[in-house]
Amino acid sequence: MAADIERMRHSLAHVMAEAVQHLYPGTKFGIGPAIQDGFYYDFLFPRTVTNDDLAAIEKEMRRIIAQNQAFAREELSKEDAKVRFADQPFKLELIDGLEDGTISIYTQGDFVDLCRGPHVESTRELRADAFKLKTVAGAYWRGDEARPMLTRVYAYAFSTKPELEAYLKMLEEAEKRDNRKLGKELNLFSTHEEAGAGLIYWHPKGGRFRVALENWWREEHYKNGYEILFTPHIGKSWLWETSGHLGFYKENMYSPMKIDEDEYYIKPMNCPFHIMIYKSQTRSYRDLPLRWAELGTVYRYERAGALHGLMRVRGFTQDDAHIFCTPEQIGDEISEVLRFSLSMHRALGFKEIKAYLATKPKGDGAVGDPERWRQATESLRAAIEREGLSYEIDEGGGAFYGPKIDLKVKDAIGREWQLTTIQFDFNMSERFQIEYIDADGQRKRPYMVHRALLGSIERFFGVYLEHTAGAFPVWLSPEQVAVIPVAPSFDDYAKEVTAALKAKGIRALAMLSEERMNAKIRDAQNQKIPYMVILGQREKDERAVSLRLRTGGQENGLALDAFVARVLEKIDAKSLEL
């Protein structure tokens, strides 16, 4: 977030708090930071405040902005700060947590807040037409469920009115594309709270998409030198103790189960299982690199409040792979993974792709020798630069066992989604004591790379569903052709055409109901089926079809064989166009 926009959003948060102070005397104030698209502030109101109250708060904020109030910084001692905020219990708690010495506060108008800043010079620098209060929500004080529930007021804020309007328009479009909404409308998947939260039920149409995607995924992996593995869903606790997951990841793992007096865990990751396959025989440097991929179903605990359609789930199939290589091979392998990732994303229609280099977590959140962390981070940086990718540094964003590269794509309405992760790991080899025999006859540790291209099948499906608004390219569409007779007398020819299409592996749907033809066309259009073929007397006599495209184009009198060939060509080419 640029410094100027962050300062402006932070200042608007203080203006909102001042407006609340005027409208709701006796309010207790929490915190009010700038966030990605605006700001929020947490309040303990003297009465219930809902979304219906936001217009009044906005109006008062605009009145305050027009007064050209200065933001004045003041430093005072910890004890003086306690006196200043004697009637604000949340501020007193924050003050108690600060180190002894001077504490800074900011005042604008008649509102004063505990704050390190910075802020704009005065409210004159704030645009009264470039923010909008969004919603109210509940938020526990300091994220602790045992603490008081506060009311969090969210707001959008940008530098100019056109930027705000463009963002609000994007949000309106995002609501139309919501994967939960489209999943229901297109009959692709469902969730069932009563049967288990965060678990996805793939319907037949969603299953068709998934099979097409996974088949392509396997073909591409074989072409790129990978072998495909299948591993168990549970494993003994020592696997997760050895890997470090029980030490660093236990809160996201499900409780153990007792089997034959041993504790087993359902897997949150596939990596220990791939390591066991590696250890099943002696490996030589001549065997390396080994590129092993798996569509492995894993289970991770997510808080109920974090679950969201396909985007945040508890059970998912990870697009996973592990590469075992020598230290000399690591640079080329990382570059190859980047190239492979980019080719996959571009084949799916993503054009804007950016890299993020995540470095060592701070404090005790990482394992391994600092020098090896430095070397690994530099090898990842070098690989990004060799590929000519623009990138940012994600300070402290690495996993506990190594730095990583994240690739993020922009979707059709400009949102950024993380798909690929390339995770360097020099700790698993040591923890599991895996080895290879080098050319000098010595036993050495291989380097290991964890890699996911699409992330998980479920989340990718959610991202792609929203990116395309459900209008998938032909090769991924659950139903590729809708066969529509103009009257029941042409049902037999419709069945013949459908059979001919299916015989070539084309996913065809014969629409033989009693509905009128126009209703069937409208239904096929709403279901985002790429091709609609209309069949009447002329088409039957000439063994032809009249073609309508999902995008609106039309072609009459097209020979059936020519149409079949056209569809097969689009499927084989993985074309993004109809």
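The values are calculated or read from the model by the stated rules, or taken from the named source; none is laboratory data. Keep in mind that what you see is a predicted model, and the values were worked out from it rather than measured. Note: ideal-geometry Cβ built from the backbone for every residue, glycine included; neighbour counts use all protein chains shown.
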message: When you check Glu466 against the structure, is it acidic (Asp, Glu) and either outside the structural domain of Ser341 (by TED's automatic domain parsing) or out of contact with any strand residue (DSSP E or B) (no Cβ under 7 Å at 6 or more places or on another chain) (or both), yes or no?
response: yes
- prompt: Only one of these conditions is not met by Glu385: (1) acidic (Asp, Glu); (2) surrounded by 17 or more Cβ atoms within 10 Å (Cβ to Cβ); (3) within 17 Å of Glu336 (Cα to Cα). Which number is it?
  reply: (2)
query: Which one of these is without any contact (Cβ under 8 Å) to a residue 12 or more places away in the chain, assigned by TED's automatic domain parsing to the domain that holds Asn427 and not in a loop (DSSP other than H, G, I, E, B): Glu328, Glu336?
result: Glu328
field: Inter-residue pairs, beta-carbon under 8 Å, first in contact (Cβ under 8 Å) with a residue 24 or more places away in the chain and at positive phi and in the stretch 381-399, second hydroxyl-bearing (Ser, Thr, Tyr) and not in a strand (DSSP E or B), 6+ apart
entry: Gly396/Thr359
message: Being of a type in the set (A, V, I, L, M, F, W, C) and touching a Gly at 6+ places or on another chain (Cβ under 9 Å) is true for just one of Ile31, Ile64. Which residue is that?
response: Ile64
task: Sort through Ala366, Ala383 and tell me the only one that's at pLDDT 85 or above, outside any strand (DSSP E or B) and assigned by TED's automatic domain parsing to the domain that holds Ile457.
output: Ala383
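One line per residue, one yes/no per condition, for (1) hydrophobic (A, V, I, L, M, F, W, C); (2) over 26 Å from the mean Cα position of the chain (by Cα); (3) modelled with pLDDT under 95; (4) farther than 13 Å from Arg9 by Cβ:
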position	(1), (2), (3), (4)
Asp129	no, yes, no, yes
Lys132	no, no, no, no
Val136	yes, no, no, yes
Ala139	yes, no, yes, yes
Asp144	no, no, yes, yes
Tyr156	no, no, no, no
- request: Can you tell me which residue among Trp240, Trp292 is at pLDDT below 95, over 25 Å from His308 (Cβ atoms), surrounded by 13 or more Cβ atoms within 10 Å (Cβ to Cβ) and of a type outside the set (Val, Ile, Thr)?
  value: Trp240
- request: Scan Arg47, Arg7 and give me the residue that is in the same structural domain as Lys169 (by TED's automatic domain parsing) and under 28 Å from the mean Cα position of the chain (by Cα).
  value: Arg7
message: Testing Thr282 on (1) among the β-branched types (Val, Ile, Thr); (2) outside any helix (DSSP H, G or I); (3) modelled with pLDDT under 95, one condition comes back false. Which one is that?
response: (3)
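For (1) surrounded by 17 or more Cβ atoms within 10 Å (Cβ to Cβ); (2) within 21 Å of the chain's Cα centre (by Cα), each residue gets a yes or a no:
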residue	(1), (2)
Phe248	yes, no
Pro256	no, no
Ile266	yes, no
Met276	no, no
Thr282	no, no
Ala304	no, yes
Phe316	yes, yes
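What residue, of Lys504, Lys520, Lys495, Lys528, is in the same structural domain as Ala559 (by TED's automatic domain parsing), in contact (Cβ under 8 Å) with a residue 12 or more places away in the chain and surrounded by 20 or more Cβ atoms within 10 Å (Cβ to Cβ)?
Lys520
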message: Cβ contacts < 6 Å: first residue within 15 Å of Phe316 (Cα to Cα), restricted to the stretch 438-456; second residue hydroxyl-bearing (Ser, Thr, Tyr) and surrounded by 23 or more Cβ atoms within 10 Å (Cβ to Cβ), any location; separation 6+ or different chain. Result?
response: Leu453/Ser341; Leu453/Thr420
query: Looking at (1) charged (D, E, K, R); (2) on the phi > 0 side of the Ramachandran plot; (3) crowded, with 19+ Cβ neighbours inside 10 Å, can you tell me which one Lys574 breaks?
result: (3)
- request: Determine which single condition Lys258 fails, assuming it passes every other condition in (1) under 22 Å from Ile434 (Cα atoms); (2) of a type outside the set (Ser, Thr, Tyr); (3) outside any loop (DSSP other than H, G, I, E, B).
  value: (1)
task: Please report, ordered by residue number, the strands (runs of 3 or more DSSP E) entirely within the stretch 122-196 with at least 1 residues that are in the same structural domain as Gln108 (by TED's automatic domain parsing) and of a type in the set (Val, Ile, Thr).
output: 131-140, 149-157
